[in-house]
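I have placed the structure first, in the form of structure tokens, so that the comments after it can refer back to it.
The values are calculated or read from the model by the stated rules, or taken from the named source; none is laboratory data. Quick caveat, the model's predicted, so the values are computed rather than measured. Cβ: placed from backbone, ideal geometry, glycine included. Neighbour counts: every protein chain shown.
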Amino acid sequence: MPKQGKIEVNEERCKGCYLCVSVCPNKCLEKSDKFSKTGYYPASYKGSGCIACMSCAKICPDLAIKVYEL
Amino acid sequence: MQLLNERPKSLLDVSMHYCPGCGHGIVHRLVAEVMDELNIREKTIFVAPVGCAVFADTYFNCDAIQGPHGRGPAIATGIKRAKPDSIVVSYQGDGDLASIGMAETVHSAARNENITIIFINNAIYGMTGGQMAPTTLIGQKATTCIYGRDPKVNGYPIRICELLSSLEGTRYAERTTVHNVAGVVKTKNAIKKAFQNQVNGIGFSIVEVLSMCPTNWGVRADNPSEATKYINDQMVKIFPPGVYKDVK
Ligand SMILES: Cc1ncc(C[n+]2csc(CCOP(=O)(O)OP(=O)(O)O)c2C)c(N)n1
Ligand code: SF4
Ligand SMILES: [Mg+2]
């Protein structure tokens, strides 16, 4: 069984570059349709599919993603 | 439930000013993770450049100084010689390191100063608005070569790792990239080695990192594949990643 995980995006730190969206092997991140306080459409977790592989956190330039293993 | 990634203690919990999708933030995190892992935060002195990373001294949780453009290796030399027990890192862009600071770069390597250099090669002057750098690719557009770099007028890109490898004093030179996850992992390993070399007294160590500048490359910041593709398809041909020198 692959690992199961979940992620949290810090919306005030995310600048909407979507590098995380582009590297997630399970495509479980997307562009949010809500504008953040800092003026971006942040990345957001779709709510399922995370395998705690850390790819998103490794490429995030803004340290905006926390990865949990469930 | 277990949190797998804590923010490194060596990086202050503040938001950084870099543009969306800029590689500087990735490399800052990697440097900070390495400082944590080697437990050298308290003895590290960070030399910030002039360039987009000019505020880096306010992001790292260690002693730091911001030096004049290109002078990082000279400042680092002075600090390391005066305080040999400290760990000194000079973080520089390509305009800074390969243009105005070329003399400092070459001579600090030739002298085998026991310092660590983190060199961000984004093939452009980022901070000042996208002028041509010594590392700008042939054909690449910049505000000072609007039809693309023409070797007849502007010469050819300078390959820093190859150049410094020819100097006896250079102990370690590796080029990596942060445009994909595998590259980020390799970059961290290289940065770790460059710091370990200083801890072990091995000497002059440089890591050149190919890094995205979506803003001044004129590509979309919200479509990361445009900038990562430029590194993947164009930059690595001129600047192949790899270990160029590794003297034990
Ligand atoms: C002595 C001096 N000359 C010129 C400048 C203007 N200047 C500021 S940053 C910069 C180039 C920055 O490019 P780079 O080092 O590649 O860093 P990047 O912003 O791309 O990370 C220049 C020429 C300066 N600040 N000081
Ligand atoms: S101008 Fe380029 S190097 Fe500077 S912060 Fe923006 S993306 Fe990064
Ligand atoms: Mg640059």
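Brief remarks follow.
- Residues of the range B:1-29 classified as in a helix (DSSP H, G or I) and charged (D, E, K, R), total: 1
- Selection count, the range B:194-237, where residues are of a type in the set (A, V, I, L, M), more than 14 Å from chain A (Cβ to nearest Cβ) and in a helix (DSSP H, G or I): 4
- Identity of the residue in the range B:79-125, part of a helix (DSSP H, G or I) and of a type in the set (D, E, K, R), that ends up farthest from ligand 1 (Cβ to nearest atom): B:Arg81
- Any hit, the range B:199-209, residues being over 30 Å from B:Thr128 (Cα atoms), more than 16 Å from ligand 2 (Cβ to nearest atom) and among the β-branched types (Val, Ile, Thr): yes
- Sole residue being away from ligand 3 (no atom under 16 Å from the Cβ) and crowded, with 16+ Cβ neighbours inside 10 Å, chosen from B:Thr177, B:Thr116, B:Thr105, B:Thr136: B:Thr116
- Candidates B:Ala76, B:Ala32: the one that is within 14 Å of chain A (Cβ to nearest Cβ), at pLDDT 95 or above, touching a strand residue (DSSP E or B) at 6+ places or on another chain (Cβ under 6 Å) and part of a helix (DSSP H, G or I) is B:Ala32.
- Qualifying residue in the range B:210-217 (condition: modelled with pLDDT of 95 or more and in contact with a strand residue (DSSP E or B) (Cβ under 7 Å, 6 or more places away or on another chain)): yes
- Answer from B:Arg175, B:Arg171, B:Arg149, B:Arg159 - the residue that is away from ligand 1 (no atom under 16 Å from the Cβ) and over 20 Å from B:Gly67 (Cα atoms): B:Arg171
- Of the residues examined, B:Ala98 is one that is within 16 Å of ligand 3 (Cβ to nearest atom) and closer than 24 Å to B:Met235 by Cα.
- Out of B:Glu208, B:Glu162, sole residue that is on the phi < 0 side of the Ramachandran plot and surrounded by 18 or more Cβ atoms within 10 Å (Cβ to Cβ): B:Glu208
- For the range B:142-153, the criterion of being surrounded by fewer than 19 Cβ atoms within 10 Å (Cβ to Cβ) and either within 14 Å of chain A (Cβ to nearest Cβ) or within 16 Å of ligand 2 (Cβ to nearest atom) (or both) is met by at least one residue.
- Taking residues in the range B:115-141 that are under 30 Å from B:Lys83 (Cβ atoms), and partners anywhere that are near ligand 2 (Cβ under 8 Å from one of its atoms) and of a type in the set (S, T, N, Q), the pairs with Cβ atoms closer than 6 Å and at least 6 places apart or on different chains are B:Ile120/B:Ser211.
- Options B:Lys186, B:Lys237, B:Lys193, B:Lys248; residue that is surrounded by fewer than 23 Cβ atoms within 10 Å (Cβ to Cβ) and modelled with pLDDT under 95: B:Lys248
- Of the residues B:Asp36, B:Asp57, the single one that is surrounded by fewer than 20 Cβ atoms within 10 Å (Cβ to Cβ), closer than 17 Å to B:Gln196 by Cβ and away from ligand 3 (no atom under 16 Å from the Cβ) is B:Asp36.
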